Amino acid sequence: MNNSVGNTGRVLGAGLRALLVLTVVCGVLYPLAVTGLAQLAFPGKANGSEIRDASGRVVGSELIGQRYDLPSKEGDEAPTPDLRWFQPRPSKGLGTNSVNTRYALLLSGATNRSGDNADLIRWVKDAKAAVVKDNSTADHTVKPSDVPADAVTSSGSGLDPHISPEYARLQIHRVAERNHLPVATVEKLVADHTDDRILGFIGEPRVHVLKLNIALRDLVAKG
């Protein structure tokens with residue numbers, strides 16, 4: 001009996017010591033070491049790839065898109081885009097929160113609908129009609145054939161922060177008109193914020209919408 005109790009005590013003691021050691025090593029020392037290395041080697045990525053404006057205020061992330069909407073009115077079924085700004089790809093995954101009303105994550109994912117799904121076809125047609133209407137100005141008419149695919153479809157995650165250069169250029173006349181800027185000035189702004197393929201062959205040319213809109217805001221403020 002005494003041996004049994006003693007053996008049980010030794011096993012429990014060894015288990016408690018192992019628990020304590022593993023908790024300190026795996027739950028404290030290892031996370032601190034990884035966090036410290038990340039902060040030293042990749043501080044930007046470790047902190048969420050934050051984007052700051054000229055005042056140093058965090059306004060978003062390089063990795064997650066956001067919406068640019070007017071304040072919602074009672075009875076609105078969906079947010080109304082603020083057409084002063086370049087608009088991102090369609091997405092139901094981007095909303096608002098109390099921290100930053102222009103940047104929030106509600107959900108991530110694709111529609112999972114096939115190309116011949118009636119709902120998806122209707123959404124794309126409605127989105128194309130809205131793009132044509134919103135981006136046509138008094139001296140510039142957008143044709144349905146001008147609308148690129150990313151203007152009417154969301155990405156697989158629904159959170160893509162980039163748009164194609166074609167979609168950015170399609171919005172130039174509307175943005176110029178709404179902000180009382182010369183079209184050539186906005187064209188240069190888009191060209192300056194168009195990133196080429198990574199290493200010259202990976203991916204496609206792209207425009208980061210938030211960075212472009214920050215530059216647009218600064219340009220309007222100077223004017």
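Give me the helices (runs of 4 or more DSSP H) completely within the stretch 1-75, filtered to those with at least 2 residues that are at pLDDT below 90, ordered by residue number.
Helices (runs of 4 or more DSSP H) meeting the threshold: 2-24, 43-46.
Can you pull out every residue in the stretch 168-223 that is closer than 23 Å to ARG52 by Cβ, among the acidic types (Asp, Glu) and touching a strand residue (DSSP E or B) at 6+ places or on another chain (Cβ under 8 Å)?
ASP195
Any residue in the stretch 35-53 that is closer than 26 Å to SER154 by Cβ, touching a Gly at 6+ places or on another chain (Cβ under 9 Å) and not polar (S, T, N, Q)?
yes
Restricting attention to the stretch 128-142, which residues are under 23 Å from the mean Cα position of the chain (by Cα) and over 15 Å from LEU83 (Cα atoms)?
LYS128
Is it the case that the stretch 128-137 has a residue that's modelled with pLDDT of 80 or more, at negative phi and of a type in the set (Lys, Arg)?
yes
Restricting the stretch 162-218 to residues that are part of a helix (DSSP H, G or I) and hydroxyl-bearing (Ser, Thr, Tyr), which is surrounded by the most Cβ atoms within 10 Å (Cβ to Cβ)?
If we take residues in the stretch 162-218 being part of a helix (DSSP H, G or I) and hydroxyl-bearing (Ser, Thr, Tyr), then TYR167 is surrounded by the most Cβ atoms within 10 Å (Cβ to Cβ).
Among the residues of the stretch 129-145, write down those that are part of a helix (DSSP H, G or I) and surrounded by fewer than 17 Cβ atoms within 10 Å (Cβ to Cβ).
Correct list: ALA129, ALA130, LYS133, ASP134, PRO144, SER145.
The values are calculated or read from the model by the stated rules, or taken from the named source; none is laboratory data. As the structure is a prediction and not an experimental result, all values here were calculated from the model. Note that we place each Cβ from the backbone using ideal geometry, even for glycine, and neighbour counts take in every protein chain shown.
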